[in-house]
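Below: one structure, written as structure tokens.
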Amino acid sequence: LTTLTPADFHKTLGPKVQGLNNLLSTVNPKALKLLITFGSLIARTGLRGEADYALANEWLANLVEKFQQAQPSCRCLNLEWSIWSGVGMGERLGRVDVLLREGITPISPDIGISILRQLVAQPLPVTSVVITGRFGEAPTLRMEHPEFPFLRFLEQPRIYYPGIELVVDADLSVGTDPYLNDHVYEGERIFPAVMGLEAMAQVVTALAGPLKFICFEDVQFNRPVVVPANDSLKIRIAALVRSHNYVDVVIRTEQTAFQVDHFRATYSISHNSTLKPQNDIQKSIRLLAEVGNREQGTGNSGQELTQSDAARSWGFPRGLQGADAGSAHSPSPGATASRTLSEKYFCKRSIVQQQNPLSSLFGSPNSTTECVISLNPDQDLYGGILFHSGRFRRLRGYHKLRAKECIAELLPEQGSLWFSPYLPADFLLGDPAARDAAIHALQACIPHVTLLPAGVKQILINPGLFEQARYIHAQERSQFQNTFIYDLEILSEDGKVLERWKGLCLKVIGSVNTQQTWAAPLLGPYLERQIHELIPGADIAVVVDKDTSIERKVKRDRTIQHILSNGNGRSTSPHPALLTHRPDGKPEVITDATGIHQDKSVSVGYSGELMLAVAGATLIGCDVEPVVCRTLELWQDLLSAERFSLAQLLVHEAGQDLDTAATCIWTACECLKKAGVIVTAPLVLNSSAPEGWILLNTGSLMIATCVVSVQDIQEKLVLSVLTHKEVKNVD
């Protein structure tokens, strides 16, 4: 100020103040419809060496406000711009870099022009509007800083512009975030994607206010956040309001110098949706709860089936009525019997003799033989294909498990401590372990590879109800190479949709040893996927069952119901499917009406208690046999000379021993027989794969064969499936 003279002030005031006065004096103010002036943020903040410029812009703003009061029919706007990049006075004077170092970010020309158009197009309650990037810690312009919610990830606010931008830091370590020790992949503690969503929701809430309904769009998990075992890691969560309806939010870390978006999403502020269940899921699950709460059914003895009996029958805390189909003598249709749980929250056998409330999820609405999949997540998934431990182990079991669809059930939350005692414990999005389980439940559909989430098209959450999460229903939408796209819903016990993920993208990050000892239910999805890869166009569904608690007929009928349901969770027929056999032994699927399923063929094979079932729209066959050591002479007797030569070829081409190779040929012949093909049809070797798969063919019929080890079965098993290969029309 001491260096400024009155002449300096008048020189600066001239273009702004005198220039506006001169302009207004030459026009008829009554006819003027729009007046726009360009002021400066410096009028409010001041700037060293720019006192005259600050005064000129303040007087300009006052003139525009007075003219608006005098001429209410004229729309007046005084736009107080911050510094621009590439153009303008700041660029000409070379001040952009200097101001950047002081925390003042310039406005790009594209954004500036866009904002100008928006402001001209809409009425405003004031005449002066500030348009600025960050303007640092100006001592003359203080922003109001309300108290943020007491939440874990709002630890260290760095930058805050109310309603516009919020940047906070948080330090992660195994001390402050003990859940990291339960989320370890290949020795590295991975910050869970679901916890990243929680962190982003907390920052958006602090910036935009409480979230009644949560909608994330275009979620990206670009790079894992790895937390050191013996040190802390600083993450930075930044949220920026892009428009009235959308907030962009990212998570960066000091690992990458805060220069990489590890997680990124857009939050839709205005989204207001009602989550309605698809298909008949809500009805089915609500019936499950209702039946569990009432007494119904009487057996031959006249005794009523109590709630506790029903609960034991299904293996639920509150369950359904059941019939002891696994007993030596099956009861009459009206009979009931109780069952016991093999574990607190796991039941290997659960048969419904009458209407099954989950039936529309599994198959036809009148299905009589449905059950919980005999897969124990603690024994068969966690510690194997799932790396999760501790509080993240929330899968109770599966009600349906196919290559492209699953229905899983969650265990209740056990009251785990997620953060250190001195940190806030509340979650905005509800239980993160249940949400994580909803994602990793899909791993059982693709059991031969390891998957991690890479992004989601849209996530809709009703946060007030998420603690009631009980079921997960997921369906695959598409697959391209190592990328799988799923839609999933998280439902309450009575069937309310609590959360919906559209377009969940899962990417393969590693492979699983397929020579491992398999849990039988996982073999179905594995076989189905591998056959689709080996035989393009193959239209088949595969289920493998080894439930030893029920008799073979019940297991067979139950599996047929399961395998004949289509991708929407419903049977292809309105009537329950039953399996019969023709006089020649070939199975046929019929309904309780009068017709035969014309769109599905089935084939079933057994080895002891293990059953392999295949369904498809074309000619199919399947077989399973244990690999048994036999003499060379015996194999020559069992196989024809031509078939034995083929077995010897497998020994050399695929590196198999003779017993394994001969068993592969034997099962292939059985597939031909079950498909109604001449057993002596020429059979040739098509290809062999390192994973132990053999592909044989006779004409357009392909037979895929693999050798596996299965839990509780001493011998290795050979499983073979016959189907048509895709035939392209040539004009």
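If you plug each phi of region 481-497 into the Karplus form 6.51 cos²θ - 1.76 cosθ + 1.60 with θ = phi - 60°, what whole-Hz ³J(HN,Hα) values come out, in order, with x for Gly and Pro?
In residue order, the calculated couplings are 6, 9, 10, 10, 10, 10, 10, 9, 10, 10, 10, 7, 4, 9, x, 5, 7 Hz.
Under 25 °C and 0.890 mPa s, how fast does region 386-512 diffuse according to Stokes-Einstein, given a Kirkwood radius computed over C-alpha pairs? Answer in µm²/s, whole number.
Approximately 163 µm²/s, per Stokes-Einstein.
Beta carbons within 10 angstrom, averaged per residue: use that to sort the peptides 377-388, 233-244, highest first.
The packing order, highest mean first, is 377-388, 233-244.
For the ranges 667-673, 641-647, what's the packing order if you count other beta-carbon atoms within 10 Å of each residue, average per peptide, and put the highest first?
The packing order, highest mean first, is 667-673, 641-647.
Along the charge dipole of region 608-718, pointing to its positive end and built from +1/-1 on Cβ of Lys, Arg, Asp and Glu, which listed residue (Ser688, Val627, Val718) has its Cα farthest out?
Ser688
With 10 angstrom as the radius, rank Arg582, Arg630 by how many other C-beta atoms surround their C-beta, starting from the fewest.
Ranked by crowding around the Cβ, least crowded first: Arg582, Arg630.
Dividing the Cα radius of gyration by the Kirkwood radius, what Rg/Rh value follows for region 156-268?
0.97
Averaged across orientations, what area in nm² does the convex hull of the alpha carbons in region 643-731 project?
Projected over every direction and averaged, the Cα hull of region 643-731 covers 6.9 nm².
When the Karplus curve 6.51 cos²θ - 1.76 cosθ + 1.60 is applied with θ = phi - 60°, which whole-Hz ³J(HN,Hα) does each residue of region 621-636 get, with x for Gly and Pro?
x, 8, 7, 9, 9, x, 7, 10, 6, 10, 6, 4, 5, 5, 5, 5
Taking amide hydrogens as modeled 1.01 Å from N in the peptide plane, which residues meet the under 5 Å criterion relative to His399, leaving out close sequence neighbours?
Ile373, Ile407, Ala408, Glu409
I'd like the FRET efficiency for Tyr422 and Ile509, computed as 1/(1 + (r/R0)^6) with the beta carbon distance as r and R0 of 41 Å, rounded to 0.05.
The computed FRET efficiency comes out at 0.70.
So, by mean Cβ neighbours within 10 angstrom, what's the order for 536-547, 410-421 with the highest one leading?
536-547, 410-421
Sequence gap at least 6, Cα distance under 8 Å: using those rules, report the relative contact order of region 386-512 to the nearest whole percent.
Relative contact order here is 26 percent.
Search the structure for amide H atoms under 5 Å from the amide H of Gly383, placed 1.01 Å from N in the peptide plane, and list their residues when 5 or more places away or on another chain.
Amide H neighbours of Gly383: His388.
Can you figure out the FRET efficiency of Thr680 with Asp378, using R₀ = 45 Å and their beta-carbon distance, to the nearest 0.05?
Once rounded, the FRET efficiency stands at 0.40.
Using Cα pairs closer than 8 Å and at least 6 residues apart in sequence, work out the relative contact order for region 156-268, in percent.
30
For region 160-168, take each phi angle, set θ = phi - 60°, evaluate the Karplus expression 6.51 cos²θ - 1.76 cosθ + 1.60, and give the result in whole Hz per residue in order, putting x for glycine and proline.
8, 10, x, x, 10, 8, 9, 10, 10
Gain in length, Ser640 to Ser114, computed as 0.36 nm per residue apart minus the alpha-carbon separation, to one decimal in nm?
181.3 nm
Can you give me the long-range amide H partners of Lys716? Hydrogens built in the peptide plane at 1.01 Å from N, cutoff under 5 Å, separation of 5 or more residues or another chain.
Amide H neighbours of Lys716, under 5 Å, 5+ apart: Val627.
The numbers here are math on the coordinates, done by the rules we state, and not lab data. Note that the structure is a prediction, hence the values are computed from the model and not measured. Glycine also receives a Cβ, built like all others from the backbone with ideal geometry; neighbour counts cover every protein chain displayed.
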